[in-house]
Amino acid sequence: MKLTKSHWRRLRSRSVQVAITLFGLLLLTFFIGRVMPLDPVLAIVGPDADHNTYQQVYHQLGFDKPLWVQFGIYLQGLLHGNLGLALLTGQPVINDILRVFPATVELATLAIVIGTGLGVPLGVWAAARRNSVIDYLVRIISLAGYSTPIFWVGMVGLLLFYAHLGWVGGAGRVDFSLDGIVPRRTGFLLIDALLVGNFTVFSNALNHLILPASLLGFHSLAYISRMTRSFMLAQLSQEFILTARVKGLSEWQVIWQHAFRNILVQLLTVVALAYGSLLEGAVLIETVFSWPGFGSYLTGSLMLGDMNAVMGCVLVVGLIFVLLNLLSDLLYQVFDPRTKV
């Protein structure tokens with residue numbers, strides 16, 4: 001569909017909001033990081049360093065300058081694509097993020113496929129059978145997915161499906177004996193294994209991926225199924241649904257061709273936000289499964305007080321959410337005729 005002037009005007013307005021949001025996010029994160037009771041200089045020089053060494057590193061990092069000057073220097077470097085050096089690895093933060101982010105994308109992508117593929121049909125089914133046993137069962141599943149701590153589910157899953165039954169792989173992305181065999185091309189281990197035709201690594205990586213992705217998928221399923229049910233109930237109470245039934249249309253046609261089609265745009269926003277939450281919120285699962293992803297990197301950086309790495313990660317998380325919101329809003333404007341001017 002062709003974008004109208006009103007669409008482009010709305011897009012420009014949202015782009016300005018994105019820029020302001022990211023700037024505020026960076027500003028807040030920077031000043032909070034500077035007042036945290038963690039000493040990044042001490043993490044570099046060690047507790048046994050003398051005072052002169054400490055002061056030298058303190059000066060090199062620019063901590064002797066006013067906070068607003070430090071923030072200005074950081075923004076200047078950011079405009080040139082420089083996020084600073086990570087204390088944890090000694091490498092540029094952007095390189096570290098590019099190294100760990102594909103592992104999280106693999107995990108979150110399979111999780112959202114599972115969550116959407118199961119959550120949407122369950123939500124539709126529950127709405128179509130409102131107040132039936134099926135509806136109550138879906139609502140119980142949704143409640144369980146929301147209320148059960150994900151780290152507890154992860155540990156139970158490892159004990160049951162890996163340690164006891166042996167159905168899935170354990171911690172990490174692959175077995176230790178297969179680590180490093182496939183050359184890194186894209187960073188996505190499944191894709192890299194397929195590119196070189198190593199199906200042993202591919203199957204092993206998939207075996208390691210399926211359990212944490214399924215647990216994250218169950219968590220997103222709870223949210224997606226609940227929202228789908230709510231959207232469908234609102235549509236099924238409309239007069240056009242009664243008209244469709246009076247015309248003699250089958251229940252399948254009424255539900256899927258009329259009611260469900262009207263909630264697609266709303267579902268797109270829900271799935272996009274759920275995917276963004278999985279990309280930045282997989283910290284606990286990555287910790288339980290020793291998954292070398294974005295969440296583990298952010299946690300390690302926070303514990304060390306590495307604010308360059310933390311701010312780089314916060315910037316990535318902010319970009320993910322605002323871009324997903326911007327994309328869903330744009331698609332909403334394109335495909336929902338009620339928004340056309």
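The values are calculated or read from the model by the stated rules, or taken from the named source; none is laboratory data. Note that the structure is a prediction, hence the values are computed from the model and not measured. Here Cβ is always computed from backbone atoms with ideal geometry, including for glycine, and neighbour counts include all displayed protein chains. When the accessible area is computed, the model is the full protein with side chains, heavy atoms only, and any ligands, DNA or RNA have been set aside. Shrake-Rupley method; radii C 1.70, N 1.55, O 1.52, S 1.80 Å.
Here are the numbers:
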read-out: Subset of the range 170-185 [without any contact (Cβ under 8 Å) to a residue 24 or more places away in the chain and in a helix (DSSP H, G or I)]; value: 176, 177
read-out: Any hit, the range 311-324, residues being open to solvent by 30 Å² or more (accessible area, probe 1.4 Å), more than 13 Å from the chain's Cα centre (by Cα) and either at pLDDT below 75 or over 17 Å from residue 102 (Cα atoms) (or both); value: no
read-out: Residue in the range 250-272 that is in contact with a Ser or Thr (Cβ under 7 Å, 6 or more places away or on another chain), under 30 Å from residue 71 (Cα atoms) and not hydroxyl-bearing (Ser, Thr, Tyr) present; value: no
read-out: Unique residue being surrounded by fewer than 18 Cβ atoms within 10 Å (Cβ to Cβ), part of a helix (DSSP H, G or I) and among the hydroxyl-bearing types (Ser, Thr, Tyr) when the list is 228, 200; value: 200
read-out: Residue match in the range 204-220 (condition: farther than 20 Å from residue 104 by Cα and surrounded by fewer than 20 Cβ atoms within 10 Å (Cβ to Cβ)); value: no
read-out: Among residues of the range 251-273, those that are of a type outside the set (A, V, I, L, M) and either buried (at least 19 other Cβ atoms within 10 Å of the Cβ) or not in a helix (DSSP H, G or I) (or both), counted; value: 1
read-out: Filter result (surrounded by 18 or more Cβ atoms within 10 Å (Cβ to Cβ) and not hydrophobic (A, V, I, L, M, F, W, C)) within the range 147-193; value: 154, 157, 162, 169, 173, 192
read-out: Filter pass, residue 167 being hydrophobic (A, V, I, L, M, F, W, C), in contact with a Phe, Trp or Tyr (Cβ under 9 Å, 6 or more places away or on another chain) and without any contact (Cβ under 8 Å) to a residue 24 or more places away in the chain; value: yes
read-out: Candidate set: the range 111-128, residues that are of a type in the set (Gly, Ala, Ser) and surrounded by 19 or more Cβ atoms within 10 Å (Cβ to Cβ); chosen: the one nearest to the chain's Cα centre (by Cα); value: 111
read-out: Options 276, 295, 248: the member that is open to solvent by 40 Å² or more (accessible area, probe 1.4 Å) and not polar (S, T, N, Q); value: 248
read-out: Residue 101 vs. criteria of a type outside the set (S, T, N, Q), open to solvent by 40 Å² or more (accessible area, probe 1.4 Å) and over 30 Å from residue 140 (Cβ atoms); value: yes
read-out: Filter result (of a type outside the set (A, V, I, L, M, F, W, C) and modelled with pLDDT of 85 or more) within the range 277-294; value: 286, 287, 290, 292, 293
read-out: Test for residue 61: is it open to solvent by 50 Å² or more (accessible area, probe 1.4 Å), touching a strand residue (DSSP E or B) at 6+ places or on another chain (Cβ under 9 Å) and either among the aliphatic types (A, V, I, L, M) or farther than 23 Å from residue 299 by Cα (or both); value: no
read-out: Any pair with Cβ under 7 angstrom, 6 or more apart, that starts in the range 127-149 at a residue that is farther than 19 Å from residue 259 by Cβ and ends at one that is open to solvent by less than 100 Å² (accessible area, probe 1.4 Å) and polar (S, T, N, Q); value: 142/225
read-out: Among (1) at pLDDT 80 or above; (2) crowded, with 16+ Cβ neighbours inside 10 Å; (3) of a type in the set (Val, Ile, Thr), the one test that residue 41 misses; value: (1)
read-out: From the options 205, 163, 193, 213, residue that is modelled with pLDDT under 90, at negative phi and not β-branched (Val, Ile, Thr); value: 163
